[in-house]
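Enquirer: Mind looking over this structure? Questions follow.
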Amino acid sequence: MVKFIADFHIHSKYSRATSKDMDLESLDKWAKIKGIKVLGTGDFTHPEWFQNLKEKLTPAEQGLFMLKSGDSGTRFMLTSEISCIYTKKNKVRKIHIIIFAPSFETVDKINTRLGLIGNLKSDGRPILGLDAKELAKIVLGIVPDCLIVPAHAWTPWFSIFGSKSGFDSIEECFGEYSKQIYAIETGLSSDPSMNWRLSALDKVALISNSDAHSPQKIGREANVFDTELSYQSIAKAIKEKNPKEFLYTIEFFPEEGKYHYDGHRNCEISLSPEESKKYHNICPTCGRPLTIGVLNRVAILADRKEGVTPKGAIPFKSLIPLNEIIAESLGVTTVSKRVGIEYQNLIKKLGSEFNILLDVSRQELESAVALEIAEGIVRVREGKVVIEPGYDGVYGKIKIFSKTEQKTPSKQGMLI
């Protein structure tokens with residue numbers, strides 16, 4: 001048994017709007033920096049990326065792979081995201097699904113079948129005119145050990161519960177295959193406590209992943225396990241929701257996600273569910289329908305009050321990425337050179353980003369970096385943050401320090 005962090009949902013350089021650095025070597029490098037042991041490959045349906053995976057990866061533990069060029073410690077799991085767009089019950093549905101597969105042979109069979117339905121070369125996340133239920137039927141019919149996981153389950157436009165094109169239940173989406181849906185991905189704009197308000201979700205695991213489009217973004221959400229290092233052990237921990245093996249998830253503060261509140265980006269209108277109700281879900285500026293966010297959508301489907309923790313629920317910890325904490329602590333943007341210097345300084349002195357965010361003591365932090373950055377990290381651990389909620393595609397804005405607090409970097413923090 002080994003304790004490790006896993007991020008299953010990412011994309012390759014063959015997906016739209018992704019960094020050209022989303023290759024295996026860069027992902028391996030950043031997995032070590034972040035402290036991630038198991039990383040999804042993403043995009044295994046794309047022919048060029050899949051060929052790249054077969055050329056550069058070699059089997060490690062059962063169902064996991066490592067770079068042929070040398071065992072850095074990073075393990076890759078074969079995963080991919082499919083965009084299912086179809087009409088059901090007179091409504092257009094747009095559902096994103098993550099597939100987990102245990103072998104290259106399995107992926108070969110999946111790609112052959114899906115290639116008969118749509119163009120897998122067009123995008124790393126292909127768009128298929130395929131019912132999500134039929135996708136589950138195809139994949140699980142090939143190898144039952146595959147996992148089918150609805151991605152970012154609450155985002156308005158492309159998710160199982162999305163306000164614009166989703167369903168009201170897992171059963172409505174997957175029909176007779178619902179019993180083989182063992183997990184959903186909560187997404188950046190919701191956290192487990194929000195999902196706990198739906199008793200219907202008690203039977204599934206709530207997993208969290210980065211959906212990263214650049215190497216630096218991997219691990220912004222993740223999962224922590226204590227199992228044997230293998231595909232089967234990880235899948236078993238997810239299916240059984242065993243808190244001794246699936247320890248907790250690492251979450252964005254959901255307010256930071258870009259679909260938490262309702263709103264209309266073009267008019268810069270951001271509204272809480274209560275405010276939206278007053279306007280009858282219509283933008284008060286332009287008169288067009290608001291994009292209903294995750295908080296509102298959860299409330300619509302919920303059958304529990306806020307604050308209920310179901311028996312056996314997997315716990316979670318809310319964090320903010322280290323570069324964002326540094327930027328806020330110094331009063332600069334994340335692209336500032338100073339942020340990069342401080343980030344590298346911390347990694348060099350204290351190890352991986354997750355070790356710094358989760359485990360390093362205040363005393364160790366204060367001896368390694370500017371006091372205000374150490375204070376920022378501790379405040380985030382304690383949940384002492386204020387976030388202006390994201391809405392309609394706009395990320396939320398984090399405030400760790402008040403305007404009156406000093407944020408001038410000390411000389412100590414600039415030493416490398």
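Enquirer: Run the simple label-point estimate for V378 and Y248 please: 7 Å along Cα→C-beta, distance reported in nm.
Expert: 1.8 nm
Enquirer: Right, here's the next one. From the backbone phi of the range 262-273, what are the Karplus-calculated ³J(HN,Hα) couplings (6.51 cos²θ - 1.76 cosθ + 1.60, θ = phi - 60°) in whole Hz, Gly and Pro given as x?
Expert: 7, x, 9, 4, 4, 9, 6, 9, 10, 9, 6, x
Enquirer: Give, in nm to one decimal, the length gained when the segment between E240 and T333 is fully stretched (0.36 nm per residue of separation minus the Cα-Cα distance).
Expert: Going from the current span to full extension adds 29.3 nm.
Enquirer: Turning to a different aspect of this structure: Fewest Cβ neighbours within 10 Å first, please rank F167, F246 accordingly.
Expert: Listed from fewest to most nearby Cβ atoms, that is F167, F246.
Enquirer: Mind checking which of V378, Y391, L67 is farthest towards the positive end of the chain's charge dipole, using Cβ charges of +1 (Lys, Arg) and -1 (Asp, Glu) about the Cα centre?
Expert: Toward the positive end, the furthest listed residue is Y391.
Enquirer: Can you give the FRET efficiency for K91 and E176, using 1/(1 + (r/R0)^6), R0 = 22 Å, r = Cβ-Cβ distance, to the nearest 0.05?
Expert: 0.60
Enquirer: Let me check I've understood the local charge: for F246, count other residues with C-beta under 11 angstrom from its C-beta, Lys and Arg +1, Asp and Glu -1. What total comes out?
Expert: +1
Enquirer: Using alpha-carbon positions, what is the distance between the centroids of the range 1-23 and the range 176-203, in Å?
Expert: The two parts, judged by their Cα centres, are 22 Å apart.
Enquirer: Could you give each residue of the range 384-397 its phi-based ³J(HN,Hα) in whole Hz, using Karplus coefficients 6.51, -1.76, 1.60 with θ = phi - 60°, and x for Gly or Pro?
Expert: Each residue of the range 384-397 in turn: 8, 9, 10, 10, 7, x, x, 7, 6, x, 9, 5, x, 10 Hz.
Enquirer: Then there is this: Take the chain, connect every pair of alpha-carbon atoms lying under 10 Å apart with a spring to form a Gaussian network, then pick out the residue of I99, I320, I138 with the largest mean-square fluctuation.
Expert: The residue with the greatest mean-square fluctuation here is I138.
Enquirer: Using all C-alpha to C-alpha distances in the chain, build P(r) with 20 Å bins and read off the rounded percent in each one.
Expert: 27, 58, 15, 0
Enquirer: Restricting to DSSP loop positions (anything but H, G, I, E, B) with no more than 14 other Cβ atoms inside 10 Å of their own Cβ, which trypsin sites (Lys or Arg not before Pro) remain in the range 352-411?
Expert: K384, K403
Enquirer: Now, a different point. Once you charge only the Cβ atoms, +1 for Lys and Arg and -1 for Asp and Glu, what is the size of the charge dipole of the chain about its Cα centre, to the nearest 20 debye?
Expert: About 460 debye.
Enquirer: Which lysines have a Cα lying under 24 Å from the Cα of K241, excluding residues fewer than 8 positions away in the same chain?
Expert: Within the straight-line cut-off, K241 pairs with K3, K37, K133, K137, K179, K203, K305, K311, K317.
Enquirer: Less than 10 Å Cβ to Cβ from S270, Lys/Arg counted +1 and Asp/Glu -1: what total charge do the surrounding residues give?
Expert: Summing Lys/Arg as +1 and Asp/Glu as -1 gives -4.
Enquirer: Let me ask something else about it. For the chain, set up a Gaussian network in which alpha carbons nearer than 10 Å are linked by springs, and say which option among S402, S318, S15 fluctuates the most.
Expert: S402
Enquirer: To make sure I understand, if each residue's beta carbon is the centre and we count other beta carbons within 10 Å, what order do E328, E185, E372 fall in, fewest to most?
Expert: Going from least to most buried by this count: E372, E328, E185.
Enquirer: In terms of modelled amide H atoms, which long-range or inter-chain residues lie less than 5 Å from the amide H of G187?
Expert: Amide H neighbours of G187, under 5 Å, 5+ apart: H152, A153, N209.
Enquirer: What does the C-alpha gyration tensor say about the overall shape of the range 321-414? Classify as rounded when a/c is under 1.5, otherwise prolate if a/b is larger than b/c, or oblate.
Expert: Cα axes put the range 321-414 in the prolate bin.
Enquirer: Let me ask something additional. Using θ = phi - 60° and the Karplus relation 6.51 cos²θ - 1.76 cosθ + 1.60, list the HN-Hα couplings for the range 241-251 in order, rounded to whole Hz, with x at every Gly or Pro.
Expert: 6, 7, x, 7, 10, 9, 6, 5, 10, 9, 10
Enquirer: Here's a follow-up. How big is the dipole moment of the range 321-414 about its Cα centre under a simple scheme where the beta carbon of each Lys and Arg is +1, that of each Asp and Glu is -1, and everything else is neutral? Debye, nearest 20, please.
Expert: Computed charge dipole of the range 321-414: roughly 260 debye.
Enquirer: A further question follows. Taking the number of other C-beta atoms within 10 Å as the exposure measure, put L271, L330 in order starting with the fewest.
Expert: Going from sparsest to densest Cβ surroundings: L330, L271.
Enquirer: On a full-extension model of 0.36 nm per residue, what is the gain between L116 and K278, subtracting their alpha-carbon distance, rounded to one decimal in nm?
Expert: Gain on extension, L116 to K278, equals 53.5 nm.
Enquirer: With a cut-off of 8 Å between alpha carbons and a minimum separation of six or more residues, what is the relative contact order of the range 73-223 in percent?
Expert: Across the range 73-223, relative contact order equals 18 percent.
FYI, it's all coordinate maths here, none of it is from the lab. Keep in mind it's a predicted model, so treat the numbers as computed, not measured. Note that each Cβ is placed from the backbone with ideal geometry, even for glycine, and that neighbours are counted across all protein chains shown.
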